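Report on the following structure.
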Amino acid sequence: MDLLTDKNIPFGPKEASEVEEGPQALSNILNLFHQYGDIYKIYSERRNNYTYVISDPEMVKHVLITNNRNYEKGVGIDRVKILLGNGIMVSEGDYWKRQRRMIQPAFHKRVIAKLTDDIAQANETMLSNWLTGNKEINLTAELSSVTLRIVLQALFSVDFQQLEKREGVNPFALLTEVHERNLVFAMKFRALAKTIQEIINLRRKERRVEEDFLSMIMEAKNDEGQGMSDREIIDEMMTLIVAGHETTASALTWAWYLLHKHPEVYARAKQEALQVRNVHLRFHHLEQLPYIRQVIEETMRLYPPGWLLTRRAMQDDVIGGYHVPPKTDIFISPYVIHRHPRYWEQPDLFNPERFDASYRRERHRFEYFPFSGGPRQCIGDFFALVEMQLHLALILRTTDMEILVDEPISMEAQINLRPDKPLFARLINPRN
Ligand code: HEM
């Protein structure tokens, strides 16, 4: 029986289709959008239920903000849970709210501003390795590794450095070395919980408080004056490690690819970076790099790492005049909306000017939302923007990079949207 037949329900294909997984996921979602428009319904055999795919900013606002209490995280979240336990990416309700409130202060602008030196240093170390030879650089791997180091430094500061010194390797490196995100990976990753527990134990024993995220979270108290349990702290740390580096690495990989494809943009971004050539880059210099910021924003318009947001209705609802029965899955694709022809002129064209203050028209909040929106908006958005802007400025002002790509590059739309093969690069002016 079709539970939806007596109500106003969206159109959609008669045959079942899977749009959240597999190599065809993104093209399926796009094709169906072109066929059915801003809202359509699909039936999933695997899940034995209906999904509404919405691509209208007002409908998105309804789900993510106006009636967000009716929507929990949806398809795919079980797999993320295996990896991240009950961290804020996956938790719900009052528990999520309590955890988010305790973690939020760690992401205050003041705290992020202080990370500038660490971010610059991680990039400079990477650069000096690149500069010591005319080697081919696996850019995808390098970006993954540098963003991982940055987040680990932000979380564990001195303990991360000591751990690496002691073990001779970065114990979290499997995150960048293993590409698949399957159960085997999840098991290995969860084993790192022990490492985090050891750091927590050591800090407690030494009564040591550092200026980093771990200490902020260990010290945080909820409204009743209670702190987090060790298990909770570990889950939140795991969450920040994963959420904090894969997305940023994907966005930067796409940025380099687009800069390579658009030499005029590359030249302008480089010129801007050269204006801060002789200074020790600090937080306040970012204001002087507006074009680089636009490059990043436009990159995430075309290639939003979080290309698919999933929610599940808990109670009946109405979206855009259509009835939403409980348990309906809702898919929202920033990728589709970021290229929606109603909102974007020449939507497939890479044009950072779109984000220039003088060019910018009034936008609906959900025409552009690479970091999602509403209460579940990315907690690390500002961190990521600062990190990416610094990275591009530091590299562009120091060297010229030639990207060696085997065209065509396609998109691999898994949890993250990333290029389907590694990007390689070579410096044009290495030191020797
Ligand atoms: C370019 C970089 C990034 C992008 C594109 C991105 C994107 C997103 C998106 C789209 C969501 C919402 C998912 C949803 O609504 O279902 C999200 C949530 C989240 N992000 Fe990010 N993110 C980035 C960087 C970061 C960084 C650097 C951190 C932390 C260091 C971080 C931590 C988180 C966390 C913890 C959540 C869950 C928040 C909650 O549900 O309360 N992200 N991110």
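So here's what we get for this one:
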quantity	calculated
Distance (nanometres) between label positions extended 7 Å along Cα→Cβ at Glu164 and Val178	2.1
Other-chain or far-sequence residues with amide H under 5 Å of Phe371's (modelled H)	none
Computed E for Leu202/Arg277 - FRET, C-beta separation, R0 35 angstrom, nearest 0.05	0.25
Calculated from backbone phi, Karplus (6.51, -1.76, 1.60) coupling profile of the stretch 408-417 in Hz, x at Gly/Pro	x, 8, 10, 8, 10, 9, 9, 4, 10, 9
Net charge of Cβ neighbours under 14 Å - reference Asn123; Lys, Arg +1; Asp, Glu -1	-2
For the stretch 287-415, alpha-carbon Rg relative to the globular expectation (2.2 N^0.38 Å, N residues)	1.25
Which listed pairs, of Lys114/Lys270; Lys61/Lys97; Lys7/Lys61; Lys109/Lys421; Lys41/Lys261, have C-alpha distances above 29 Å, in listed order	Lys109/Lys421; Lys41/Lys261
Carbon/sulfur fraction of accessible area - the chain, other protein chains in place, 1.4 Å, %	51
Cut-off 15 Å, label 7 Å out along Cα→Cβ of Lys221, residues of the stretch 77-112 by amide N	102
Trypsin sites (Lys or Arg not before Pro) restricted to DSSP loop in the stretch 264-303 with at most 16 other C-beta within 10 Å	Arg277, Arg282
Whole-number Å³ per residue for the convex hull built on Cα positions in the chain	154
The chain - mean residue ellipticity at 222 nm from DSSP helices (-39,500 (n - 2.57) per run, n ≥ 4, rounded to 500)	-14500 deg cm²/dmol
Normalised per residue, the volume of the convex hull around the Cα set of the stretch 29-184 (Å³)	209
Eligible lysines near Lys194 by straight Cα distance, threshold 23 Å, same-chain separation 8 or greater	Lys81, Lys165, Lys205
Per DSSP, loop GluC sites (Glu not before Pro) in the stretch 152-204 with at most 12 further Cβ within 10 Å	Glu180
Calculated from backbone phi, Karplus (6.51, -1.76, 1.60) coupling profile of the stretch 339-355 in Hz, x at Gly/Pro	10, 5, x, 6, 10, 10, 6, 6, x, 8, 7, 7, 9, x, 4, 4, 9
Average accessible area per residue (Å²) across the chain - probe 1.4 Å, nucleic acids and ligands excluded	47
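The values are calculated or read from the model by the stated rules, or taken from the named source; none is laboratory data. Worth saying up front: this structure is predicted, and the values here are computed from it rather than measured. Counting neighbours? That spans all protein chains shown, and the Cβs are built from the backbone with ideal geometry, glycine included. Side chains included, ligands, DNA and RNA excluded: accessible areas come from the protein's heavy atoms. Shrake-Rupley method; radii C 1.70, N 1.55, O 1.52, S 1.80 Å.
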